[in-house]
Amino acid sequence: MCGRYARAKDKAALVEEFAVVEAPPEELQADYNVAPTKQVYIVADRPPDDEHPTPRRRLAVARWGLVPSWAKDPGIGSKLINARAETAAEKPAYRRAFAKRRCLVPADGFYEWYEPADPAAPRGRSGKPLKQPFFIHHADGSSLAMAGLYEFWRDPQAGPEQPWLMTATILTTSASDAVGRIHDRMPLPLPEQQWRVWLDPSVGAQEAAEVLRSHTAEQLVAYPVSTAVNNVRNNGPELMEPVPAEE
């Protein structure tokens, strides 16, 4: 699962890193504690048209938490922040988006929480073991290109003048060795050589699913960070700083 991540790079840096040719007018502030329902950057392809014979890669702003086009209200998005890569192509909530609205969600890294099995581990007021947050990222500082899906939604009771709501979800997979000791699931990062096929809306669901099945585990670094990240109101670069494991 992926419930929090960090995205500190600005729009210009993402445009360059992802070879984007279109970017939104708004600039999102650096966010070191991205949580569901927040506005996030995604990378997607516009389909070809009469003026542009090939897909155009663009940077867009979407709300994290996918709202299917058939949903009665957008509240369902808070429950659809992640989709299992193994089954997303078949699930009603994601099937249409998987067929032609695939994206990448750039991140500096993501957070995951480790729950100790030791019965002597410190416990909170609830009596449950205290979980240790970890920050997981590329060792070279490059962005994680997390595979995702996006969708458009508009209130069926509203008139055509209401703008469309753009939302997105992050695909997850079985955790790699670096992450598996912390949690059994993780966001699915795609290497650059797979971006073109994954983003191309003319590529069918079957071929896109093969991209996910053929991905190889990337080299990730994981280290413990402060429990301050537990509170979404805390937001600063110090959240990504390592702390001694015993803390």
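Using a simple charge model, +1 on the beta-carbon of Lys and Arg, -1 on the beta-carbon of Asp and Glu, nothing else, what dipole does the chain show about its Cα centre, in debye to the nearest 20? Before the final figure, lay out the partial values.
Numbers: 29 positive and 33 negative charges, 190 e Å.
Rounded to the nearest 20 debye, it is 920 debye.
Of the candidates 182, 136, 76, which one comes out as most mobile in a Gaussian network treatment of the chain with C-alpha springs shorter than 10 Å?
Residue with maximal mean-square fluctuation among 182, 136, 76: 76.
Which cross-chain or sequence-distant (5 or more) residues have an amide H under 5 Å from the amide H of residue 84, H modelled 1.01 Å from N in plane?
172
For the pair residue 87/residue 16, report the inter-label distance in nm, with labels modelled 7 Å from Cα in the Cβ direction.
Rounded to a tenth, the inter-label distance reads 4.3 nm.
Report the charge-dipole magnitude of region 1-84 in Debye, nearest 20, computed about the Cα centre from +1 at each Lys and Arg Cβ and -1 at each Asp and Glu Cβ.
560 debye
Would you look at the GNM of the chain, springs on alpha carbons closer than 10 Å, and say which of 13, 147, 209 moves the most?
Taking springs between Cα atoms under 10 Å, the residue moving most is 13.
Please label the shape of the chain as rounded, prolate or oblate, based on the square roots a ≥ b ≥ c of the eigenvalues of the alpha-carbon gyration tensor (a/c under 1.5 means rounded; beyond that, a/b larger than b/c means prolate, else oblate). All intermediate terms of the calculation are to be shown ahead of the outcome.
Values: a/c = 1.70, a/b = 1.56, b/c = 1.09.
Prolate, because a/c is 1.5 or more and a/b exceeds b/c.
What list of ³J(HN,Hα) couplings, whole Hz, do you get for region 19-25 from phi and the Karplus terms 6.51, -1.76, 1.60, once you set θ to phi - 60° and write x for glycine and proline?
Rounded to whole hertz, the list is 6, 7, 10, 10, 9, x, x.
Expected output is a single nm value to one decimal: the length gained when fully extending between residue 69 and residue 131, i.e. 0.36 nm times separation in residues minus the C-alpha distance. What is it?
On the way: separation 62, 0.36 × 62 = 22.32 nm, distance 3.63 nm.
In short, 18.7 nm is gained.
If you stretched the chain out fully between residue 76 and residue 192, how much longer would it get, using 0.36 nm times the residue separation minus the C-alpha to C-alpha distance?
Values: separation 116, 0.36 × 116 = 41.76 nm, distance 3.15 nm.
My answer for the length gained is 38.6 nm.
Along the charge dipole of the chain, Cβ charges K/R +1 and D/E -1, which of 47, 21, 1 sits furthest on the positive end?
1
Report the local net charge at residue 41: Lys and Arg +1, Asp and Glu -1, summed over other residues whose C-beta lies under 14 Å from its C-beta.
On the way: positive: 7, 9, 11, 38, 57, 58, 63; negative: 10, 16, 17, 22, 26, 27, 31, 108.
Within the 14 Å Cβ shell, the charges total -1.
Which order do the peptides 38-49, 191-202, 15-26 take when ranked by the mean count of other beta-carbon atoms within 10 Å per residue, highest first? Show your work: numbers first, answer last.
Details: 38-49: 18.6, 191-202: 15.2, 15-26: 13.2.
Highest to lowest by the protection proxy: 38-49, 191-202, 15-26.
When the helix-only estimate is applied to the chain (DSSP H runs of n ≥ 4, each -39,500 (n - 2.57), divided by the residue count), what is the mean residue ellipticity at 222 nm, nearest 500 deg cm²/dmol? Display every interim value, and only then the final one.
Numbers: 5 runs with 32 residues, N = 247.
When only DSSP H runs of four or more count, the value is -3000 deg cm²/dmol.
Please get the size of the charge dipole for region 38-155, origin at its Cα centre, with Cβ charges of +1 on Lys and Arg and -1 on Asp and Glu, quoted in debye to the nearest 20.
On the way: 20 positive and 14 negative charges, 87 e Å.
Taking the Cα centre of region 38-155 as origin, the dipole is about 420 debye.
Between the alpha-carbon centers of region 127-200 and region 1-46, tell me the distance in whole angstrom.
Between the Cα centre of region 127-200 and that of region 1-46, the gap is 11 Å.
Could you state the angle between the C-alpha long axis of helix 205-214 and the longest principal axis of the C-alpha atoms of the chain, as a value from 0 to 90 degrees rounded to the nearest 10?
That works out to roughly 30 degrees.
Laboratory data are not the source of any read-out in this text; all were calculated from the coordinates shown. Keep in mind the model is a prediction, meaning the values are calculated, not measured. FYI the Cβ positions are ideal-geometry reconstructions off the backbone, even for glycines, and counts take in every protein chain you see.
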